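Just so it is clear, none of the values below were taken in a lab; they were calculated from the coordinates. Quantities reported herein were computed from a predicted structural model and do not represent experimental measurements. Please note: Cβ atoms are built from the backbone with ideal geometry, for glycine as well, and neighbour counts cover all protein chains shown.
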Amino acid sequence: MTSKELIGLNTKWYRYQNLITQEQFSEKTKFKMAYISLIESGRANLTCNNIDVIATALNIKPADLFNSKTAKKAKSLPARVDQYKPITI
């Protein structure tokens, strides 16, 4: 898995954990929704600044965006956040 794919899947994973839609995430990050789609699909070549913006918006550490375990879990997420029930630990 590439770094872009890891970041994309983890962005989606943590966004779902917070029950945030792409539109809400767009408002928090000031990124366009099309860019968020590129990020989550692993096709965006992100700068360090954008990684920091994503982490801040999701209340996580930037390093969490490189976690391969949560990235693998993100592959099984439903198409829409409103169809998701967060995992409680």
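Assorted remarks:
- Global size of region 29-76 as Cα Rg and Dmax, reported in angstrom: 10.8, 28
- GNM on the chain, alpha-carbon springs under 10 angstrom: the most fluctuating residue among Thr29, Thr56, Thr47 is Thr47.
- Lys/Arg +1, Asp/Glu -1 at C-beta; the chain dipole; positive extreme among Ser3, Thr29, Asn50: Ser3
- Going from the residue with the fewest nearby Cβ atoms within 10 Å to the one with the most, Glu23, Glu5, Glu40 rank Glu23, Glu5, Glu40.
- Modelled label positions at Gln83 and Asn59, each set 7 Å beyond Cα in the direction of Cβ, lie 2.7 nm from each other.
- Sorted largest first, extent of the chain alpha carbons per principal axis (Å): 31, 27, 21
- Put a plus charge on the Cβ of each Lys and Arg, a minus charge on the Cβ of each Asp and Glu, and nothing anywhere else: the dipole of region 3-74 about its Cα centre is then about 160 debye.
- Helix-only mean residue ellipticity at 222 nm for the chain, each DSSP H run of n ≥ 4 adding -39500 (n - 2.57), per residue, nearest 500: -16000 deg cm²/dmol
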